[in-house]
1. Structure shown: which of 38/66; 43/107; 16/38; 16/66 lie over 24 Å apart, alpha-carbon to alpha-carbon?
2. Over the range 35-88, what lengths in whole Å, largest first, do the semi-axes of the equivalent ellipsoid take, defined as the square roots of 5 times the eigenvalues of the alpha-carbon gyration tensor?
3. Rounded, prolate or oblate: which one fits the range 58-130, using the alpha carbon gyration tensor with axes a ≥ b ≥ c (rounded when a/c is under 1.5, else prolate when a/b beats b/c, else oblate)?
4. Can you compute log10 of I(q)/I(0) for the range 1-96 with the Debye formula, treating each Cα as one identical point scatterer, at q = 0.23, 0.24 Å⁻¹?
5. Got a sec to turn the phi values of the range 71-83 into Karplus ³J(HN,Hα) couplings, 6.51 cos²θ - 1.76 cosθ + 1.60 with θ = phi - 60°, whole Hz, x for Gly and Pro?
6. What does the highest-first list of 48-56, 11-19 look like by mean Cβ count within 10 Å?
7. Give me, ordered by chain and number, the residues 5 or more places off residue 105 or on other chains with an amide H under 5 Å from its own placed amide H.
8. Arrange the peptides 58-69, 34-45 so that the one whose residues have, on average, the most other Cβ atoms within 10 Å appears first.
Amino acid sequence: MKIKQKKAVEAPAQVKHAVQQITSTPLAELASVLRGFKWTFDKGDINHWVSVLDHFDSFFEEFTSKRADVQLRLGEAGVEADSPFPTTGCLAVLSATCVLLENCSNKTAYSSSEHLTNLLAAPVPEVVAAAVQTFQVLLRKTHHTSVRWVAPPGLSQRLLCLSKGWGGKEEVRALELLPAAGQACQFLQNQTCADNAAPASGALQQLQQQHRSACSVHEFVRR
């Protein structure tokens, strides 16, 4: 959802230049301009970056929001398989979004939670993890304000699916509702069959961290 500003906010020249560079980049090429994006500015205000976040919304609307996989419609009659998932672009946009949310005030203006919710069902585990991380940054920086954050429809259910049943074969069945979570749970099943299994590999630790992150976000959403 595009951000509605109550009034125009004058941004510093350096910020204006970065904003113009990003928003003038075609949606399909965002990954290239966002590569290595870091915060090199003074104290930030999310209102200075509204046009960038709107551009990111346009990216999601163009490339992810109508996909059958993120809408959990794969397998329905008449629903065709999607084109390859735009992993590189999604990761770049989510990474840049985290940078902005980490370094800017007025984060309650951020209104793209619906797209993040959709991405929890992405068929790429790295994208799911990045979406969860973005939620973490958003909530960590906003829940102390007087404005109560409202979770988008479907978020709690998807987070619950991600945060339940990572320990055994019977408990993980609910995760099959989410394509990426299903892949992750299958990986965990293969890696943790015995109580005395070897120490977790780097990949397994990453998936376990994703699970813990989903749990923490889900606990916040339930409040």
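Throughout, read-outs are computed from the coordinates displayed, never taken from laboratory work. This one's a predicted model, so the numbers in the text were calculated from it and none came from an experiment. Glycine gets a Cβ as well: all are built from the backbone with ideal geometry, and neighbour counts include every protein chain shown.
1. In this structure, 38/66; 16/66 exceed 24 Å between Cα atoms.
2. Ellipsoid half-lengths, sorted descending, are 34, 12, 8 Å.
3. prolate
4. Cα-only, vacuum Debye calculation for the range 1-96: -1.22, -1.29.
5. Here the 3J(HN,Hα) series is 8, 6, 10, 4, x, 6, 4, x, 8, 8, 5, 7, 6 Hz.
6. 48-56, 11-19
7. 44, 45, 46
8. 58-69, 34-45
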